[in-house]
Amino acid sequence: MTTALRDTDTEPAEVRTARRPRRPRRRERGVDPIPWWLRIVVALVGLYFILPTLFVIPMSFSTATTFQFPPKGFSFQLYENFFTHKVWLQSLRNSVLVALLAALLATVVGTAAALGLHHLTGRLARLVRTLLMISIVTPAIVIAVAVYISFLKWHLVGSLGGYVLAHAVIGVPFVLVSVTSALGGFDPKLLRASASLGAPPWRTFLRVTMPLISRGIVTGAIFAFVTSFDEVVIALFLRSPRFQTLPVQMYNSVTVEIDPTIAASSSVVVIAVTVLCLVLQFVGTRRKSR
Amino acid sequence: MSVTTSHAAAPAPLPPRAGTRIRLANVTKDYGLAVPAVDDVSLTIEPGEFMTLLGPSGSGKTTTLNLIAGFETLTAGTISLNGADVSELPSHKRNLGMLFQNYALFPHMTVAQNVAYPLRERKLPKADITRKVAEVLDLVQLTGRDGHFPAQLSGGQQQRVALARAIVFGPKALLLDEPLGALDRNLRATLQLEIRRIHREVGSTFVFVTHDQEEAMNLSDRIALFNNGRIEQVGTPEALYQSPETLFTARFLGDSNVFELSRVAEGTGTWEDQTWPVDSRTVSPRVGAGGRSALVVRPEDVRLVAGDGVVPPGATSVPATIRDIEYMGAYRTAVLSLGRGNAVGRARLDATESKLGIGQPVLAWWLVERQRIVAA
């Protein structure tokens with residue numbers, strides 16, 4: 001149970017904060033021990049969050065041709081389906097491509113916005129910040145419909161560009177937030193120091209600002225990637241026979257085809273996202289140990 | 001009011017130095033607030049000079065330094081380095097070294113990488129960079145720390161690294177923005193000596209900003225005292241201490257006994273109901289006709305005698321009461337009620353005066369040439 005908690009970084013904040021005191025370093029600093037009942041609550045909350053995801057992994061090794069739990073037998077049949085059928089592979093490729101490009105675009109835009117807004121105070125800056133964050137609070141369906149209607153006009157429905165643009169919009173807030181928080185610990189005097197030492201602004205950005213906020217940029221980029229990778233509502237509206245992403249193919253496979261291959265594809269997604277989050281944690285600890 | 005310094009006011013003759021003359025002409029910086037941050041300041045800093053911009057916070061000294069560095073744009077006026085106008089030049093093209101209060105070292109780079117930064121920007125060959133970095137780290141006595149990160153060093157060591165980084169590329173001048181402000185007292189004294197030594201060895205122009213008058217007096221060839229965005233007075237530390245021109249200068253540097261004079265005329269000044277002799281040589285040129293003025297005298301120049309004692313002829317004296325005696329370590333200071341009792345003054349006590357008791361009526365006196373009449 002505890003290992004399950006440690007393996008993912010997607011639990012809510014309360015689980016994370018509760019877990020931390022178990023590290024010996026924290027103990028030595030004299031943090032109170034956690035009462036047993038709180039540990040149980042934390043474990044239950046953690047289970048509640050990750051149990052559904054864990055169901056799908058045993059199912060992906062089933063021999064059955066329909067959904068059954070507990071799974072019957074053991075085989076790699078579903079994985080074979082997934083990795084040999086063109087429709088699955090193509091949608092996986094599409095998803096990865098869209099997510100990469102959308103994350104790249106969101107990272108550039110979000111980082112630039114965070115840098116620009118960092119030194120600004122006042123009403124206008126707050127307004128711009130809110131505008132950039134709006135896609136995080138707007139219901140996905142509202143964005144999806146709006147995107148669909150405008151993209152119809154611009155002939156972007158069903159195209160790679162359309163997916164990338166729409167997914168970049170929902171990725172920007174994550175980058176903005178993580179880069180802004182990274183900038184919180186950034187000393188603006190360093191910019192002046194760098195200028196006094198003869199570096200023009202763009203060199204200062206490359207050699208000073210970027211290395212120091214890289215953690216925020218990487219975090220934001222990964223969040224933007226994951227957000228795009230598992231986005232389904234907008235993708236449903238934008239799909240076309242020529243172009244669809246993995247989540248849409250999964251939706252189809254359940255609603256139209258009743259194909260248990262979805263168990264394998266879901267496992268692949270779960271593992272991919274988990275690996276990314278572990279990378280994030282690794283980036284974090286490496287920085288701190290410096 | 002603008003103060004222009006002439007060559008005649010330059011300090012004692014120094015050996016010729018490879019430095020830069022920094023000239024500020026009618027420099028103004030206005031943020032659109034009630035008062036400009038820097039208001040029509042003119043100042044010439046001589047090659048190789050150690051010039052301190054001194055003043056209380058908000059007096060415009062740091063803004064002036066930032067204007068020289070190019071971190072802020074001028075509202076009016078010009079700044080020139082060795083005669084070349086740099087007013088429009090961005091800071092990275094001005095070739096001036098800068099030291100910051102919080103060191104501003106790049107935390108993700110090692111000591112060697114920090115110091116090599118300006119050399120790499122100037123595209124020097126690798127071998128030259130390595131050699132120069134080693135040389136300058138030796139100069140600031142940090143040999144062997146090249147692989148450390150700033151966070152692994154103490155505050156004093158970090159400021160040495162920053163100093164090495166700021167001088168390694170041979171800047172036209174070094175600008176220092178309260179570089180010792182974050183250090184404790186003992187370390188400050190050590191680094192003051194260090195900065196003076198490096199100034200002597202490097203020989204370039206140093207512009208030092210501080211609010212600490214003691215630091216300014218210890219380090220500077222000349223001090224420019226700032227007040228409300230203007231320069232109050234420029235001169236050697238001795239000149240500022242011994243011949244203040246305004247009450248602000250007298251009060252900012254060292255302790256002063258201040259008597260606001262109601263009238264100065266024909267060799268006399270009037271304070272309360274007393275008329276004192278005034279030596280015209282001790283009157284600041286800034287005391288205008290009919291302007292408000294004050295007599296100031298330093299505590300170490302004030303002598304005390306018991307109430308019925310004798311005062312030397314020609315000395316100015318005023319009846320006083322000792323309210324308290326402060327022990328300062330090397331000496332004692334008497335806190336005095338002067339005249340009718342509204343004015344508070346101080347006198348440094350010598351061995352015999354230390355026998356005077358609290359509450360005792362005394363005569364406080366000083367020689368006329370020790371007093372100074374300043375603009376109030």
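Karplus-derived 3J(HN,Hα) values for the range B:79-95, using 6.51 cos²θ - 1.76 cosθ + 1.60 with θ = phi - 60°, are 10, 10, 10, 6, x, 8, 5, 10, 3, 9, 7, x, 4, 6, 9, 8, 6 Hz; glycine and proline are entered as x.
For the range B:205-214, putting each phi into the Karplus relation 6.51 cos²θ - 1.76 cosθ + 1.60 with θ = phi - 60° gives couplings of 6, 10, 10, 10, 10, 7, 10, 9, 5, 5 Hz, in residue order, rounded to whole numbers and with x for Gly and Pro. Sequence-distant contacts, meaning Cα pairs under 8 Å at least 6 residues apart, place the relative contact order of chain B at 16 percent. Take every Cα pair under 8 Å whose residues are at least 6 apart in sequence, average their separation, divide by the length of chain A, and the relative contact order is 27 percent. How shielded is B:83-92 by partner chains, expressed as the average number of their Cβ atoms within 10 Å of its Cβ atoms? Taking the mean over all residues of the peptide, I get 2. If you take the Cα centroid of the range B:338-376 and the Cα centroid of the range B:291-315, the two points sit 6 Å apart. Going from the residue with the fewest nearby Cβ atoms within 10 Å to the one with the most, A:T111, B:T275 rank B:T275, A:T111.
Taken about its Cα centre, the protein assembly as shown carries a charge dipole of about 2100 debye when Lys and Arg each add +1 at the Cβ and Asp and Glu each add -1 at the Cβ.
Annotation: extensible slack from A:K189 through A:A140 equals 13.6 nm (criterion: 0.36 nm per residue apart, minus Cα-Cα distance).
For the range A:229-262, the residues whose backbone nitrogen is under 20 Å from a point 7 Å from the Cα of A:S159, taken along Cα to Cβ, are A:234-245.
Report the FRET efficiency, 1/(1 + (r/R0)^6), for B:E260 and B:K355, where r is their Cβ-Cβ distance and R0 is 41 Å, rounded to 0.05. Efficiency at R0 = 41 Å is approximately 0.85. Pairs of alpha-carbon atoms within less than 8 angstrom and 6+ residues apart define the contacts here; what relative contact order does the range A:136-290 have, in percent? Result for the range A:136-290 is 30 percent.
Structure remark: mean-square fluctuation, Gaussian network model of chain A, C-alpha springs under 10 Å; the largest value among A:A112, A:A235, A:A99 belongs to A:A112. As a proxy for reagent exposure, ranking A:Y48, B:Y241 by other Cβ atoms within 10 Å from fewest up yields A:Y48, B:Y241.
For B:V362, what is the net charge nearby, where nearby means another residue's Cβ is under 12 Å from its Cβ and Lys, Arg count +1, Asp, Glu -1? Every neighbour counted, the sum reads +1. Result for chain A in a Gaussian network model with C-alpha springs under 10 Å: among A:D187, A:D32, A:D259, the largest mean-square fluctuation is at A:D32. Compared with the alpha-carbon gap, the fully stretched path from A:V108 to A:V254 is longer by 49.0 nm at 0.36 nm per residue. Just grab the label-to-label distance for B:S80 and A:S240, each label 7 Å out from Cα along the Cβ direction, in nm (one decimal). Placing both labels 7 Å beyond Cα along the Cβ direction yields 6.7 nm.
A Gaussian network model of chain B, with springs between Cα atoms under 10 Å, assigns the largest mean-square fluctuation among B:A265, B:A151, B:A127 to B:A127. Using alpha carbons only, the radius of gyration of the protein assembly as shown set against its Kirkwood radius gives Rg/Rh = 1.16.
Counting Cβ atoms of other protein chains within 10 Å of each residue's Cβ and taking the mean over peptide A:183-196 gives 6. Here the calculated FRET efficiency for A:F282 and A:H118, from their Cβ-Cβ distance with R0 = 30 Å, stands at 0.65, rounded to the nearest 0.05. In plain terms, the chain from B:R340 to B:R251 could stretch by 29.8 nm, reckoned as 0.36 nm per residue minus the Cα-Cα distance. About its Cα centre, how strong a charge dipole does chain B have in debye, to the nearest 20, once Lys and Arg get +1 and Asp and Glu get -1 at the Cβ? Using Cβ point charges on Lys, Arg, Asp and Glu, chain B gives about 980 debye. When the charge dipole of the range B:56-127 is built from unit charges on Cβ atoms (+1 for Lys and Arg, -1 for Asp and Glu) and taken about the Cα centre, the candidate among B:A116, B:G58, B:I79 whose Cα reaches farthest toward its positive end is B:A116. Approximating the spin labels as points 7 Å out from Cα along Cα→Cβ, the B:S280-to-B:L187 distance works out to 5.5 nm. Its Cα centre serving as origin, chain A has a Cβ charge dipole (Lys and Arg +1, Asp and Glu -1) of approximately 1400 debye. Shielding by partners for peptide B:103-116, expressed as the average number of C-beta atoms from other protein chains within 10 Å of each residue's C-beta, is 3.
Apply the a/c threshold of 1.5 to the C-alpha gyration tensor of chain A and tell me whether it is rounded, prolate or oblate. Since a/c reaches 1.5 but b/c is at least a/b, the shape of chain A is classed as oblate. Distance from the C-alpha centroid of the range A:107-123 to that of the range B:222-244: 43 Å, rounded to the whole angstrom.
Here the spin labels are modelled as points 7 Å beyond Cα on the Cα-Cβ line, and at B:E88 and B:R200 they lie 4.3 nm apart.
Where a number appears in this text, it was derived from the coordinates with a stated rule and is not lab data. A quick note: this is a predicted structure, and the numbers were derived from the prediction, not measured. Cβ atoms come from the backbone with ideal geometry, glycine included; neighbour counts cover every protein chain shown.
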